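A.B. asks: Take this structure first; my questions come after.
The values are calculated or read from the model by the stated rules, or taken from the named source; none is laboratory data. As the structure is a computational prediction, the values presented were derived from the model and not from experiment. When we count neighbours, we look across all protein chains shown, and the Cβ atoms used for this are built from the backbone with ideal geometry, even at glycine. Each accessible area value is taken on the protein alone, full model and side chains, heavy atoms only, with ligands, DNA and RNA left out. Shrake-Rupley method; radii C 1.70, N 1.55, O 1.52, S 1.80 Å.
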Amino acid sequence: ELRQALESGECVLFVGAGIGGSLLDKDGKQLPDASQLATEMAVYFGIDAEGITDLTKISQVVEIRKRGRKELNAFLQKRFTDISLNDDVCWLSTRPWRAIFTTNYDNGIERAYELNAHTIQNPVVVTVTADVGTPNPMIEVPIYHLHGALFSVQEPHVVITENDYGTFRERRRMLFDLLKKELLTSTILYIGYS
């Protein structure tokens with residue numbers, strides 16, 4: 001059933017942070033997980049985290065006490081710029097997908113489409129309800145960034161601070177409604193989740 005859904009383009013891909021193990025930063029290291037990113041952020045912004053590695057807490061401190069959202073986004077964009085991927089991630093862009101959902105901020109999936117000369121769909125990045133359109137499944141695949149995206153958007157606003165998690169559903173309500181629909185009606189391939 002999974003193979004048939006994959007071959008027919010009726011499968012939905014759901015990508016989690018675990019895919020970072022297959023994505024490398026500009027120094028050739030695996031992308032950080034949430035606690036590693038929190039530690040890097042605390043060091044970069046000079047925050048005495050006292051062993052706290054909760055990304056939502058550290059990013060909240062950065063936003064409030066340090067430099068605000070603009071500097072937080074700039075740090076994240078710099079950290080996730082120029083990523084490279086292995087062949088497994090590139091393979092994902094050779095399949096026709098009904099839709100792709102991700103909780104990741106990075107542009108690893110989009111990079112797979114950029115780097116692959118044999119893609120059959122063009123990615124359309126969707127981060128908020130206002131971005132939702134009607135893609136042509138023959139040539140386009142929507143990539144729903146449920147927690148926002150740092151790239152391919154006019155104004156990046158990712159869900160990363162404690163406050164963001166308290167208010168993020170409002171701007172992304174339709175994305176979650178689309179996800180619920182796909183969970184009920186589609187075959188889902190989860191990658192990057194334990």
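A.B. asks: D for the chain, whole µm²/s, Stokes-Einstein with Kirkwood Rh over alpha-carbon pairs at 10 °C and 1.306 mPa s: what number?
C.D. replies: Working: Rh = 17.4 Å.
Calculated translational D: 91 µm²/s.
A.B. asks: While we're on this one: Computing the accessible area with a 1.4 Å probe over protein heavy atoms, can you report the carbon and sulfur percentage for region 50-90?
C.D. replies: 46 percent
A.B. asks: Please report the antiparallel percentage of the DSSP beta bridges confined to the chain, to the nearest 5.
C.D. replies: Numbers: 3 of 20 bridges.
Counting DSSP beta bridges with both partners in the chain, the antiparallel share is about 15 percent.
A.B. asks: Which value, in Å², gives the accessible area per residue of the chain when a 1.4 Å probe is used on the protein heavy atoms?
C.D. replies: 54 Å²
A.B. asks: Sticking with this one: Report the gain in length on full extension from K26 to L184: 0.36 nm times residue separation, minus Cα-Cα distance, nm rounded to one decimal.
C.D. replies: Numbers: separation 158, 0.36 × 158 = 56.88 nm, distance 3.88 nm.
The K26-L184 span can extend by a further 53.0 nm.
A.B. asks: Let me know the whole percent of all Cα-Cα pairs from region 1-110 that are separated by more than 18 Å. Before the final figure, lay out the partial values.
C.D. replies: On the way: 3372 of 5995 pairs.
In whole percent, the long-distance tail amounts to 56.
A.B. asks: Take the Cβ-Cβ distance between N163 and S35 as r, set R0 to 30 Å, and report the resulting FRET efficiency rounded to the nearest 0.05.
C.D. replies: Values: r = 20 Å, r/R0 = 0.66.
Taking R0 as 30 Å, the efficiency between N163 and S35 is 0.90.
A.B. asks: Restricted to Cα positions, what overall size does region 138-180 have along the principal axes? Three whole-Å values, descending.
C.D. replies: 39, 25, 12
A.B. asks: For E1 and R65 in the same chain, what is the full-extension length gain: residue separation times 0.36 nm, less their Cα-Cα distance, in nm? Could you put the intermediate results ahead of the total?
C.D. replies: Working: separation 64, 0.36 × 64 = 23.04 nm, distance 5.15 nm.
Going from the current span to full extension adds 17.9 nm.
A.B. asks: Ok, one more. How big is the shadow of the Cα convex hull of region 93-154, averaged over all directions, in nm²? Could you put the intermediate results ahead of the total?
C.D. replies: Working: hull surface 15.8 nm².
Value for region 93-154: 3.9 nm².
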